[in-house]
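Here's the structure we're looking at; comments come further down.
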Amino acid sequence: MMSLRFFLLLLFQFSVSGILAINNEDPTAKTMEDFSGYPLHESTDYPSAPPNSLVSFLRVDTTTLQNQIDELSTFSDTPAPSVTRILYTEKDVLARRYIKNLMGLSGLSVREDAVGNIFGRWDGYESDLVPVATGSHIDAIPYSGKYDGVVGVLGAIEAINVLKRSGFKPKRSLEVVLFTSEEPTRFGISCLGSRLLAGSEALAEALKTTVDGQNISFLEAARSAGYAKEHDDISSVFLKEGSYSAFVELHIEQGPILEAEGLSIGIVTAIAAPASLKVDFEGNGGHAGAVLMPNRNDAGLAAAELALAVEKHVLGSGSIDTVGTVGILELHPGAINSIPSKSHVEIDTRDIDEKRRNDVIEKIHQSATKIASKRGVRLSEFKIVNQDPPALSDNSVIEAMEAASKELNLTHKLMISRAYHDSLFMARVSPMGMLFIPCYKGYSHKPEEYASSHDMGNGVKVLAMTLAKLSLN
Ligand SMILES: [Zn+2]
């Protein structure tokens with residue numbers, strides 16, 4: 001249950017510090033108490049302050065971690081410093097191989113499911129208990145950076161290494177997960193792997209007919225990467241509820257708060273609920289000179305008015321947590337001397353409160369209908385593409401992350417994730433929590449994305465400590 005080296009180190013530490021009496025106690029029990037933070041039995045040996053002797057055993061190899069991040073970034077379809085790694089492409093397959101190899105080197109047993117979610121397991125000494133999982137993604141949108149997602153995969157493998165080097169033995173098995181396609185780049189579906197793990201029947205069905213921009217089907221692409229073999233059923237990916245006792249994702253913040261406030265760790269309490277809408281208006285169009293203003297039904301102006309209505313309804317929610325964006329507004333035919341006959345608007349709206357966000361969607365729908373009738377255009381489509389619920393982190397995971405940050409003497413704060421992650425979907429099948437580390441100016445999804453080795457090292461340490469605690473729960 002404990003390596004000799006670790007035991008000797010413990011003895012050394014105890015005798016040097018003189019704080020903790022060795023007595024006749026089972027040293028394993030002491031280790032478990034130290035990691036879990038919960039007393040296994042009443043003991044009078046500890047001083048009033050919590051024992052933190054184990055903290056000093058957690059050593060992150062930040063040089064190797066940085067080298068791995070740099071190496072993984074070379075599996076890219078665009079030149080450095082940008083990274084482009086799209087689902088099931090040759091570069092994605094090579095990157096996956098690189099990760100599986102590292103998992104193997106760390107002594108994890110590796111398996112993959114039908115869509116290429118990759119799992120590396122370290123068996124606990126009570127391996128029939130439900131395991132604890134951690135992980136993130138390694139796909140990268142075109143011309144993005146090398147830290148998004150990657151820190152939570154390579155960092156998770158390093159967290160396992162940290163625990164192994166410390167002599168720690170997990171009670172529950174620990175599992176590192178690489179999620180397939182967190183980014184929607186190729187098939188327009190974000191968090192594809194984790195949505196399936198969470199048991200999305202609708203997605204499993206849709207994937208049978210889903211094609212990419214080149215008309216390559218999802219199944220064909222998956223097969224080219226070695227997944228979704230003939231006998232594979234996509235629904236085989238679904239996890240049963242209760243497959244993990246906890247899930248933790250380490251991620252760069254992708255926002256400026258931690259850096260601006262000089263904090264090391266963000267402990268995520270909730271992930272905002274995203275929804276996206278597609279709206280089309282159609283009018284008669286016409287010549288920009290010949291059709292006089294009273295005779296127009298301008299689909300472009302309807303779109304413009306709807307964009308302003310989105311802003312009005314979002315601000316009208318009264319909460320700073322409600323956001324809405326019109327990121328796409330297209331006009332047809334798109335000529336300076338032609339009244340737009342068609343317009344297409346895509347709207348992203350998010351909130352940590354699902355009902356408040358859904359109220360905003362309802363108001364946007366009412367506005368679209370009103371604007372169409374007022375301007376004499378047709379509302380030819382109002383489609384809710386996705387309307388996901390928010391996710392709350394589980395208290396047991398929050399407590400473990402907070403306790404780990406405190407024991408490691410790292411500054412931290414509770415915060416909301418306004419971007420969404422695979423954790424949003426893992427929360428449907430497991431108690432969930434997320435750890436953020438600062439990133440330069442909050443930059444993400446661009447080549448300037450950067451997190452320092454120091455900050456990554458802190459994140460990995462807190463992750464390792466958190467996993468250790470959850471493993472002993
Ligand atoms: Zn990410």
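Just so it is clear, none of the values below were taken in a lab; they were calculated from the coordinates. In this text, all values refer to a predicted model and were calculated from it rather than measured experimentally. Glycine gets a Cβ as well: all are built from the backbone with ideal geometry, and neighbour counts include every protein chain shown.
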Problem set entry | Candidate set: segment 120-142, residues that are away from the ligand (no atom under 16 Å from the Cβ) and charged (D, E, K, R); chosen: the one nearest to the chain's Cα centre (by Cα) | Arg121
For this session: Provide a single number: the residues in segment 144-170 that are β-branched (Val, Ile, Thr) and within 16 Å of the ligand (Cβ to nearest atom).
Result: 3
Exercise. For segment 417-464, how many residues are hydrophobic (A, V, I, L, M, F, W, C) and more than 16 Å from the ligand (Cβ to nearest atom)?
Worked result: 4
For this session: Count, please, the residues in segment 224-242 that happen to be free of Cβ contacts under 8 Å to residues at least 24 places away in the same chain and within 25 Å of the chain's Cα centre (by Cα).
Result: 0
Problem set entry | Qualifying positions in segment 232-266 - over 23 Å from Ser190 (Cα atoms) and assigned to a strand (DSSP E or B) | Ile265, Gly266
Exercise. When the residues of segment 171-189 are filtered to those that are in contact (Cβ under 8 Å) with a residue 40 or more places away in the chain and more than 16 Å from the ligand (Cβ to nearest atom), which remaining residue is surrounded by the most Cβ atoms within 10 Å (Cβ to Cβ)?
Worked result: Leu174
Seminar exercise, completed: Residues in segment 266-286 that are under 18 Å from Tyr420 (Cα atoms) and more than 16 Å from the ligand (Cβ to nearest atom) total 7
